[in-house]
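> This is the structure I have questions about; it appears just below.
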Amino acid sequence: MSEEIKNKVYMALTGALTGLANGFFGGGGGMIVVPLMSFLLKMKTKTAHATALAVILPITVVSAIVYFTSGNFDFATGIPSGVGVVLGGIIGAWLLGKLSANWLTKIFAVVMLVAGVKSLFF
């Protein structure tokens, strides 16, 4: 298999796993797509994080529509949380440009570790 075809297969698998996680869990695709882009596709850390944001946006919109149309959306929580997410996203994207790739990787690893421990025990 040529390198180009292998990369396209990896991209499709990365997208499918990310979409599955985002749709099934209601989020969390970034925790899957960033490591896969970094390791399978050999992307630079910052590029993987920035690309993940662009990839996850349409997935999130589609998942939100599915949840909304099936009656599983709480407006009282969702609207204020959405405002916070937008503000946090702006700050996070700004910070992504300021941090070194080394620090970004460390922070991401700690967040993933904390999320994993929380999932196991709470």
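The values are calculated or read from the model by the stated rules, or taken from the named source; none is laboratory data. Not measured: the values here are computed from a predicted model. Cβ placement follows ideal geometry from the backbone for every residue including glycine, while neighbour counts extend to all protein chains displayed. Keep in mind that these areas ignore ligands, DNA and RNA; they rest on the heavy atoms of the full protein, side chains included. Shrake-Rupley method; radii C 1.70, N 1.55, O 1.52, S 1.80 Å.
> For the chain, give the magnitude of the charge dipole about the Cα centre (Cβ charges: +1 Lys/Arg, -1 Asp/Glu; no others), in debye to the nearest 20.
380
> Which one of 100, 38, 70 has the biggest mean-square fluctuation once the chain is modelled by GNM with Cα springs under 10 Å?
Sorting by GNM fluctuation, first place goes to 70.
> What whole-number value in Å² describes the accessible area per residue of the chain for a 1.4 Å probe?
71
> Next question. If r is the Cβ-Cβ distance from residue 113 to residue 69 and R0 is 41 Å, what FRET efficiency results, to the nearest 0.05?
0.70
> Evaluate the distance, in nm, between pseudo-label points positioned 7 Å from the Cα of residue 100 and of residue 54 along their respective Cα→Cβ axes.
For the pair residue 100/residue 54, the computed spacing is 2.7 nm.
> Which entry in (i) 2, 10, 16, 21, 21, 17, 9, 4, 1, 0, 0; (ii) 2, 12, 24, 23, 16, 11, 7, 4, 1, 0, 0; (iii) 2, 11, 16, 18, 18, 14, 11, 6, 3, 1, 0 matches P(r) over Cα pairs in 5 Å bins from 0, in percent derived from the coordinates of this structure?
Correct label is (i).
> I'd like the accessible area for residue 121, computed on protein heavy atoms only with a 1.4 Å probe and all protein chains in place. Round to 10 Å², please.
150
> Relative contact order of region 1-54: what whole-number percent is it, with Cα pairs under 8 angstrom and at least 6 residues apart?
Normalised by residue count, the contact order of region 1-54 is 29 percent.
> Residue separation times 0.36 nm, minus the C-alpha to C-alpha distance between residue 62 and residue 79: what's the value?
4.4 nm
> Related question: Please work out how much accessible surface residue 94 shows to a 1.4 Å probe, ignoring ligands, DNA and RNA, in Å² rounded to 10.
Counting only protein heavy atoms, residue 94 exposes about 150 Å² to solvent.
> Taking H as built 1.01 Å from N, whose amide H comes closer than 5 Å to the amide H of residue 41, not counting residues under 5 places away?
Amide H neighbours of residue 41, under 5 Å, 5+ apart: none.
> Whole-Hz Karplus ³J(HN,Hα) for region 34-41, in order, using 6.51 cos²θ - 1.76 cosθ + 1.60 and θ = phi - 60°, x for Gly and Pro?
After applying 6.51 cos²θ - 1.76 cosθ + 1.60, I find 5, x, 5, 5, 5, 8, 6, 9 Hz.
> In deg cm²/dmol, rounded to 500, what helix-only [θ] at 222 nm does the chain give when every DSSP H run of at least 4 residues adds -39500 (n - 2.57) and the total is split over its residues?
Estimated from H runs of four or more residues: -29500 deg cm²/dmol.
> Apply the Karplus curve 6.51 cos²θ - 1.76 cosθ + 1.60, θ = phi - 60°, to the phi angles in region 108-121 and return the couplings in whole Hz, x for Gly and Pro.
4, 4, 5, 4, 5, 4, 4, 4, x, 5, 4, 5, 6, 10
> Let me ask you something else. Suppose we flag trypsin sites (Lys or Arg not before Pro) only when DSSP calls them loop and at most 13 other Cβ atoms lie within 10 Å. Which is the longest uninterrupted stretch of the chain?
It runs 45-122.
> Which ³J(HN,Hα) values in Hz, rounded to whole numbers, follow from the phi angles of region 63-72 under the Karplus curve 6.51 cos²θ - 1.76 cosθ + 1.60, where θ = phi - 60° and Gly and Pro get x?
4, 4, 4, 4, 4, 4, 5, 8, x, 10
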